[in-house]
Amino acid sequence: TSAVDGGSTSGEPTGGSDETAIPEVTFAEVLAVIGDNCFCHRSVMFQGQLDLRDDAAYASIVSVPSIQAPGVDRVAPGDPDGSYLYLKLLGDQATVGGTGTRMPQGAPMLPPEQLDLFRYWILGGANP
């Protein structure tokens with residue numbers, strides 16, 4: 001099952017009979033979006049000391065402190081609104097003292113279905 005089955009970026013599921021259910025999202029689904037959009041963090045340069053290559057991405061983001069917002073993890077399992085990576089995708093990084101621009105930089109904002117994948121994966125515990 002995927003978050004694109006009727007979710008919203010507000011974190012409130014919009015479809016199905018159980019309105020409190022969090023759609024199950026795998027890291028593979030999140031990694032596919034990263035692979036299609038996060039080129040600057042997948043090259044040998046690793047912008048922001050963030051390595052998002054397939055074999056390193058999980059260990060680089062989950063429960064790892066953000067460089068731009070001290071005291072905020074890049075991904076805080078169970079807490080998308082306290083996860084710097086998710087806030088950067090929304091352009092809301094300043095709400096936690098972060099800096100820089102919305103990601104992916106220089107590209108359109110990810111569509112709601114892809115933002116939902118990140119939100120629901122984090123809400124579900126950010127499992128590998």
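The values are calculated or read from the model by the stated rules, or taken from the named source; none is laboratory data. None of these values were measured; they are calculated from a predicted model. Using ideal geometry, Cβ is built from the backbone for each residue, glycine included, and neighbour counts are taken over all protein chains shown. SASA here: full protein model, heavy atoms, side chains in, ligands and nucleic acids out. Shrake-Rupley method; radii C 1.70, N 1.55, O 1.52, S 1.80 Å.
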Q) Of all residues in the range 42-55 being at pLDDT 75 or above and within 15 Å of Leu89 (Cβ to Cβ), which is most open to solvent (accessible area, probe 1.4 Å)? A) Leu50
Q | Pairs, first among the basic types (Lys, Arg) in the range 20-42, second in a loop (DSSP other than H, G, I, E, B), C-beta under 7 Å, six or more apart | A | Arg42/Leu52; Arg42/Arg53
Q: Scan the range 58-70 residue by residue and report those that are crowded, with 20+ Cβ neighbours inside 10 Å and closer than 18 Å to Trp121 by Cβ.
A: Ile61, Val62, Ser66
Q) So which pairs qualify, if the first residue must be in the range 113-128 and in contact (Cβ under 8 Å) with a residue 24 or more places away in the chain and under 17 Å from Gly82 (Cβ atoms), the second must be open to solvent by 20 Å² or more (accessible area, probe 1.4 Å) and among the polar types (S, T, N, Q), the Cβ gap must be under 6 Å, and the two must be at least 6 apart or on different chains? A) Leu115/Thr9
Q: Scan the range 98-109 and report the pairs whose first residue is more than 17 Å from Pro70 (Cα to Cα) and whose second residue is basic (Lys, Arg) and surrounded by 11 or more Cβ atoms within 10 Å (Cβ to Cβ), with Cβ atoms within less than 6 Å and a gap of 6+ or a chain change.
A: Met103/Lys88
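Please work out which residue is farthest from Val75 (Cα to Cα), limiting yourself to the range 107-118 and to residues that are touching a helix residue (DSSP H, G or I) at 6+ places or on another chain (Cβ under 9 Å) and open to solvent by 20 Å² or more (accessible area, probe 1.4 Å).
Result: Ala107.
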Q | Residue ranges of helices (runs of 4 or more DSSP H) in the range 42-127 with at least 2 members among the hydroxyl-bearing types (Ser, Thr, Tyr) | A | 57-61, 84-90
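Residues Asp92, Asp81, Asp73: which one is over 17 Å from Asn37 (Cβ atoms) and open to solvent by 70 Å² or more (accessible area, probe 1.4 Å)? Explain how you work it out, then say what you get.
Working: Asp92 fails: open to solvent by 70 Å² or more (accessible area, probe 1.4 Å); Asp73 fails: open to solvent by 70 Å² or more (accessible area, probe 1.4 Å).
Checking each option against the conditions leaves just Asp81.
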Q: Those residues that are in a loop (DSSP other than H, G, I, E, B), crowded, with 18+ Cβ neighbours inside 10 Å and at pLDDT below 85, I need them from the range 10-41; list them, please.
A: Pro13, Cys38
